[in-house]
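Worksheet: the structure to be examined is printed underneath.
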Amino acid sequence: PDDYKNIALGLERNSHHPIAFALRKALLPDSQKPFEITEVLETPGVGMTGQHAGRTVELRRIQGITKNICCALVIEGREVARFHFAARLQADAQSTLENLRNRGFKLKLISGDNTSTALITGQLLGFSPAEIFGDLSPAQKDQIVSATPNAMMVGDGVNDSLALQHAGVGVAVL
């Protein structure tokens with residue numbers, strides 16, 4: 001129902017996470033009006049929590065159920081809706097990464113997405129399975145980057161902030 005969409009939009013209203021952008025892009029053209037959500041808390045790698053009309057509302061990441069990215073809207077501990085997202089690659093992504101490989105850079109794909117999604121995306125981008133790491137928490141991403149001398153990290157959300165901070169070069173894509 002529209003109420004669920006408006007709760008989800010209210011939770012994601014001020015988030016800079018790519019899922020929040022995708023949700024707003026998908027739902028706002030339908031003339032949805034985000035509900036006012038208070039006490040909003042974003043937990044990296046987990047999702048958003050807040051209060052609406054005296055009830056706890058959450059938008060939680062769901063791991064491993066599909067090859068796509070999925071999150072659930074939960075009200076008072078009960079799942080009421082799911083939102084599924086498919087990643088779209090930029091047209092020049094594969095050639096850009098191949099150019100970096102040809103210049104001697106060693107690349108890894110480190111992702112919070114489930115492993116099957118990371119593998120599919122990574123292979124489309126020319127990564128070998130050994131270079132693809134999925135299902136990672138923000139702390140696990142940080143461990144990989146911190147253990148890689150002279151690492152450059154490109155990240156697209158708050159889930160990447162630790163790794164971006166500890167990389168030799170951190171690039172935040174918004």
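The values are calculated or read from the model by the stated rules, or taken from the named source; none is laboratory data. Quick caveat, the model's predicted, so the values are computed rather than measured. Cβ placement follows ideal geometry from the backbone for every residue including glycine, while neighbour counts extend to all protein chains displayed. What goes into the accessible areas is simple: the full protein's heavy atoms, side chains included, and nothing from ligands, DNA or RNA. Shrake-Rupley method; radii C 1.70, N 1.55, O 1.52, S 1.80 Å.
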**OP:** Please go through segment 39-57 and pick out each residue that is in a strand (DSSP E or B), touching a residue at least 12 places away in the same chain (Cβ under 8 Å) and either within 15 Å of N159 (Cβ to Cβ) or open to solvent by less than 30 Å² (accessible area, probe 1.4 Å) (or both).
**Re:** E42, G47, M48, G50, V57
Original post:
Name the pairs whose Cβ atoms lie under 7 Å apart, with the first residue in segment 78-92 and touching a residue at least 40 places away in the same chain (Cβ under 8 Å) and closer than 13 Å to A26 by Cα, the second open to solvent by less than 30 Å² (accessible area, probe 1.4 Å) and not hydrophobic (A, V, I, L, M, F, W, C), and 6 or more positions between them or separate chains?
Top reply: none
**OP:** Could you grab me the full set of residues in segment 162-171 that are closer than 24 Å to M48 by Cβ and surrounded by fewer than 17 Cβ atoms within 10 Å (Cβ to Cβ)?
**Re:** Q165
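Given the residues G170, G112, G122, which is the only one that is in contact (Cβ under 8 Å) with a residue 12 or more places away in the chain, within 18 Å of V46 (Cβ to Cβ) and touching a Gly at 6+ places or on another chain (Cβ under 9 Å)?
Testing whether each residue is in contact (Cβ under 8 Å) with a residue 12 or more places away in the chain, within 18 Å of V46 (Cβ to Cβ) and touching a Gly at 6+ places or on another chain (Cβ under 9 Å) leaves just G112.
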Subject >> Meets criteria (touching a helix residue (DSSP H, G or I) at 6+ places or on another chain (Cβ under 8 Å), in a loop (DSSP other than H, G, I, E, B) and under 24 Å from R60 (Cα atoms)) for A81 >> reply: no
**OP:** Could you tell me whether E36 is open to solvent by 40 Å² or more (accessible area, probe 1.4 Å) and at pLDDT 90 or above?
**Re:** yes
**OP:** Have a look at F105, F127 and point out the one that is part of a loop (DSSP other than H, G, I, E, B), at pLDDT 90 or above, of a type in the set (F, W, Y) and open to solvent by 70 Å² or more (accessible area, probe 1.4 Å).
**Re:** F105
Original post:
Do we find that R60 is assigned to a strand (DSSP E or B) and surrounded by fewer than 16 Cβ atoms within 10 Å (Cβ to Cβ) in this structure?
Top reply: no
**OP:** Quick one: count up the residues across segment 130-153 that are closer than 20 Å to Q94 by Cβ and open to solvent by 60 Å² or more (accessible area, probe 1.4 Å).
**Re:** 3
**OP:** Look at D156 and say whether it is of a type outside the set (V, I, T), touching a residue at least 12 places away in the same chain (Cβ under 8 Å) and open to solvent by 60 Å² or more (accessible area, probe 1.4 Å).
**Re:** yes
